[in-house]
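S.K.: A single structure is presented below for examination.
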Amino acid sequence: SARLQEIFSLTAKDLGEGFILLRETYTKSRRARNVPLATTLLDDLRKLAEKRPDGRLWGISMFAIRRTFNRAKAECSFKADKEAVMHTFRHTGATTLVRNVPLPVAQKILGHTQISTTMRYVHLDDEDLMKATEVLGGIVP
């Protein structure tokens, strides 16, 4: 779950075997990090890069994406919702990660140095709590 700036800075050189490299120049922490990515998605990103002579993955700017998002938002029922911003997708990704992988793994993928930062991104619900009690119920006699 990368930040928008991190995604739009990617080039063909940043696509590794099983991961993408987010360079320190574009990360919020100013530290480079590898983020694991499914092979099929990496293959798709390589195909995008092949189409562009400069090796960049995207033929559209970050500004254009934000403008398109805001236009779509204006036409939807959540246009007045100030919390409906593109960064919300990062929170959704963080919550999905924490539901499926250990918290330190999610922290590393998100590029957080403090676990408390990761926890601010996570939004668990009652279903998550019920699932946890079922896990405990299965190991406690």
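S.K.: Being in contact (Cβ under 8 Å) with a residue 40 or more places away in the chain, assigned to a loop (DSSP other than H, G, I, E, B), among the hydroxyl-bearing types (S, T, Y) and more than 19 Å from R120 (Cβ to Cβ), is that true of even one residue in region 51-62?
M.R.: The answer is yes; a qualifying residue exists.
S.K.: Looking only at region 45-64, count how many residues are open to solvent by 50 Å² or more (accessible area, probe 1.4 Å), of a type outside the set (G, A, S) and closer than 30 Å to T113 by Cα.
M.R.: Summing the residues that are open to solvent by 50 Å² or more (accessible area, probe 1.4 Å), of a type outside the set (G, A, S) and closer than 30 Å to T113 by Cα in region 45-64 gives 5.
S.K.: For E17, only one of the following conditions fails: (1) part of a loop (DSSP other than H, G, I, E, B); (2) of a type in the set (D, E); (3) open to solvent by less than 60 Å² (accessible area, probe 1.4 Å). What is its number?
M.R.: Tallying (1) part of a loop (DSSP other than H, G, I, E, B); (2) of a type in the set (D, E); (3) open to solvent by less than 60 Å² (accessible area, probe 1.4 Å), E17 fails exactly one: (3).
S.K.: Could you please give the count of residues in region 103-132 that are open to solvent by less than 80 Å² (accessible area, probe 1.4 Å) and either touching a strand residue (DSSP E or B) at 6+ places or on another chain (Cβ under 7 Å) or more than 19 Å from E6 (Cβ to Cβ) (or both)?
M.R.: The total comes to 9.
S.K.: Applying the selection to region 124-141, what residues are in a loop (DSSP other than H, G, I, E, B) and modelled with pLDDT under 85?
M.R.: Matches in region 124-141: L124, V140, P141.
S.K.: Kindly provide the set of residues from region 19-37 that are of a type outside the set (A, V, I, L, M, F, W, C) and in contact with a Leu (Cβ under 7 Å, 6 or more places away or on another chain), ordered by number.
M.R.: Scanning region 19-37 gives R33, N34.
S.K.: Could you please tell me which pairs satisfy a Cβ distance under 8 Å, a separation of 6+ or placement on different chains, a first residue in region 83-109 that is assigned to a loop (DSSP other than H, G, I, E, B), and a second residue that is open to solvent by 60 Å² or more (accessible area, probe 1.4 Å)?
M.R.: A84/F78; M86/R66
S.K.: May I ask you to list pairs of residues, at least six apart or on different chains, whose Cβ atoms are under 7 Å apart, with the first in region 6-27 being within 14 Å of G111 (Cβ to Cβ) and the second being assigned to a helix (DSSP H, G or I)?
M.R.: Pairs found: I20/D14; L21/D14; L22/E6; R23/D14; Y26/Q5; Y26/E6; T27/E6.
S.K.: Looking at region 63-76, I want the residues that are outside any helix (DSSP H, G or I) and have a partner that is modelled with pLDDT under 85 and surrounded by 11 or more Cβ atoms within 10 Å (Cβ to Cβ) with Cβ atoms under 9 Å, at least 6 apart or on another chain. Which pairs are those?
M.R.: C76/A84
S.K.: Follow-up question, since we're still on this one. Consider A2 carefully, then state whether it is modelled with pLDDT of 90 or more and surrounded by 11 or more Cβ atoms within 10 Å (Cβ to Cβ).
M.R.: It is false that A2 is modelled with pLDDT of 90 or more and surrounded by 11 or more Cβ atoms within 10 Å (Cβ to Cβ).
The values are calculated or read from the model by the stated rules, or taken from the named source; none is laboratory data. These figures come from a predicted structure and were not determined experimentally. Quick reminder, even Gly has a Cβ in these numbers, built from the backbone with ideal geometry, and neighbours come from all protein chains shown. Heavy atoms of the whole protein, side chains included, go into the accessibility calculation; ligands, DNA and RNA do not. Shrake-Rupley method; radii C 1.70, N 1.55, O 1.52, S 1.80 Å.
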